[in-house]
Structures are given as C-alpha cells and as structure tokens.
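The values are calculated or read from the model by the stated rules, or taken from the named source; none is laboratory data. Please read these numbers as outputs of a predicted model, since none were measured by experiment. Cβ sites come from the backbone with ideal geometry, for glycine too, and all protein chains shown count toward neighbours. SASA here: full protein model, heavy atoms, side chains in, ligands and nucleic acids out. Shrake-Rupley method; radii C 1.70, N 1.55, O 1.52, S 1.80 Å.
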Amino acid sequence: MKNRNIEAVVEGWTAPIRPNFMELEGQYVRLEKLSVRDHSAAIHLANSADDKIWDYLPYGPFDDLGAYQDWVSNVQDKKDPVFFAIFDKERGDWAGVASFLRISENLGSIEVGHINFSRSLQQTRAATEAICLMMKWAFSVGYRRFEWKCNAANLRSCRAAQRFGFSYEGIFRQAAVMKGRNRDTAWFAMIDSEWPALEAAFTGWLSADNFDADGRQKLSLADLTAPILVKRDPRLT
C-alpha cells in the first residue's frame with residue numbers, strides 16, 4: 001500500500017469556550033465588555049483627535065456622540081464580534097476598542113480585529129498589553145490559532161501584526177468592497193506552539209526594566225518576536 005499523506009493526530013484537544021468574560025486586567029491596561037453607558041462618551045472624545053483612525057474600518061467616522069452611541073448600542077451585545085473597551089491606566093481614560101471575531105471554537109480558531117486605538121493610546125505600553133492580554137486569554141482556554149487580518153493597503157497594521165508576532169500568510173485579492181473601495185485582505189496568524197516564546201517576548205518587552213527613565217524602550221518588541229515569525233510580509237522593510 002502506498003504511503004498516505006495524512007496530517008498529524010491532535011491528541012487531547014477539546015474545543016475551547018467562547019469569550020464570556022467581562023474584564024481582562026494587566027499592569028498598564030484594563031479591558032471591559034464595551035457598553036454605551038460605561039464607555040461610549042469617553043472613547044468618542046478620545047477618537048475626536050484623529051479622523052484617520054477610521055480609514056480602514058467599515059464604519060465611522062461618526063458625526064457626533066449620538067451617532068457613535070447608536071453604533072455601540074448595535075454591537076455591544078453581539079456574540080461575534082465581541083467588543084471590548086480599553087482603559088489606559090497610565091493616562092486614566094478609556095481610549096480605544098478591540099474585538100474577538102470569527103470565533104470558531106470547534107475549529108480552535110479566533111481572530112482579533114476592529115482595532116481602533118485613539119491617538120493617545122497608539123504606540124504605548126497599554127496598547128501592546130491590550131493585544132497581549134487577548135492573545136493570552138485565547139491560548140489559555142485552548143484556541144490553537146489566533147488570527148489578524150487587515151486591509152493589505154494598511155501597511156501600518158501589517159507592521160503591527162508582525163511586531164506582535166503574527167506570521168504573514170498571504171493576501172486574499174478583492175476580498176471585499178469597503179466604503180466603495182476595493183479591499184485586498186492581508187492574513188497573519190500565530191499558533192499555540194508559538195505562544196510560549198511569544199509570551200516570553202511580551203513579558204520581557206513590557207517589563208519596567210526594558211524602559212529608561214524617560215520611558216524609551218531598550219529592546220524593541222519587533223526584535224524580540226522576529227525570530228519566532230515563520231514568514232514575513234515581503235512588502236515591509
């Protein structure tokens with residue numbers, strides 16, 4: 001009989017739970033289920049500093065607080081995506097949102113997306129820790145695959161994915177039409193066997209010892225996660 005090319009057996013794995021928690025707590029950040037009452041006014045105010053944050057999202061910008069509250073009201077109780085508000089402990093304010101989406105517990109796959117960080121949250125330890133906390137939760141409950149997808153034209157998001165340790169998996173051409181424009185979608189992912197090394201990279205980067213008295217990093221997260229990447233986006237330098 002000829003040898004058959006059959007994938008390896010996955011032993012001892014059971015389907016994980018769906019996101020059902022109300023809070024994730026870190027050193028620099030706290031995540032709570034997004035709600036109109038608790039978060040919308042503060043996040044809308046933070047978002048008002050930069051309309052460009054909506055360029056690659058399928059919604060926004062919102063003309064006023066009422067319009068933003070209508071959007072939050074529509075998404076806050078969804079089972080997929082599950083939206084979270086992000087509280088920056090260092091600044092003491094609600095400054096962004098992120099979500100779990102395309103939640104496939106039977107396949108062991110989950111995605112992070114709808115990431116919308118206000119200008120004050122961007123490029124901070126709080127922003128990085130927010131994504132790390134979501135990764136940690138997903139792998140701790142048994143997801144095998146954690147995905148990041150973005151508009152392929154959004155090179156800033158592609159760079160962020162690689163910095164966080166997501167390996168490049170290719171581009172789906174003409175994947176959607178968004179706000180009247182073509183969208184090619186870039187795919188990135190990490191898997192459970194990579195998580196221990198990635199978690200160590202995040203722990204090292206987030207450590208107070210990695211920052212000088214002026215808050216400047218000594219080692220970059222991109223340098224710490226680079227050896228773990230299976231493939232890099234060839235468009236990025």
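Strictly greater than 14 Å: what percent of every Cα pair in segment 197-237 meets that?
So the pairs more than 14 Å apart make up 52 percent of the total in segment 197-237.
For a paramagnetic label modelled at 7 Å from the Cα of Phe172 toward its Cβ, which residues of segment 70-103 fall within the zone defined by backbone nitrogen distances under 20 Å?
Zone members listed by number: 79-83, 99-103.
Whole number please: convex hull volume per residue, Cα atoms of segment 34-89, in Å³.
Per residue, the Cα convex hull of segment 34-89 comes to 92 Å³.
Tell me the Rg and the Dmax, in Å, that the Cα atoms of segment 46-145 produce.
Rg then Dmax for segment 46-145, in Å: 14.2, 41.
In whole Å and largest first, what semi-axes does the C-alpha gyration tensor of segment 65-205 yield when each eigenvalue is scaled by 5 and square-rooted?
Calculated on Cα positions only, the semi-axes equal 22, 21, 16 Å.
Want the number for Arg4 to Thr185: 0.36 nm per residue separation, take away the alpha-carbon distance, what's left?
My answer for the length gained is 61.8 nm.
Probe radius 1.4 Å, ligands and nucleic acids ignored: give me the carbon and sulfur share of the accessible area of the chain as a rounded percent.
Summing carbon and sulfur atoms, their accessible area is 49 percent of the total for the chain.
Just to confirm the number: angle between the C-alpha axis of helix 125-140 and the first principal axis of the chain, 0 to 90 degrees, nearest 10?
Orientation of helix 125-140: about 40 degrees from the principal axis.
Using only Cα atoms, what is the ratio of the radius of gyration of segment 131-215 to 2.2 N^0.38 Å?
1.30
Probe of 1.4 angstrom, ligands and nucleic acids ignored: what's the accessible area per residue over the chain, in square angstrom?
Accessible area per residue, the chain: 54 Å².
Would you report the distance distribution of C-alpha pairs in the chain as whole percents per 5 angstrom bin, up to the bin with the largest distance?
Calculated P(r), rounded to whole percents: 1, 6, 13, 17, 19, 18, 13, 7, 3, 1, 1, 0, 0, 0.
Leaving ligands, DNA and RNA out of it, rank Leu65, Leu31, Leu219 by accessible area with a 1.4 Å probe, largest first.
Leu219, Leu65, Leu31
Among Ser73, Thr124, Asn154, which residue has its Cα furthest toward the positive end of the charge dipole of the chain, with +1 on Lys/Arg Cβ and -1 on Asp/Glu Cβ?
Most positive-ward Cα: Asn154.
If you line up the long axis of helix 65-75 against the longest principal axis of the chain, both from Cα atoms, how many degrees apart are they, to the nearest 10?
30
Compute the long axis of helix 155-164 from its Cα atoms, compare it with the longest principal axis of the Cα atoms of the chain, and write down the angle in degrees, 0 to 90, nearest 10.
In the chain, helix 155-164 runs at an angle near 60 degrees to the longest axis.
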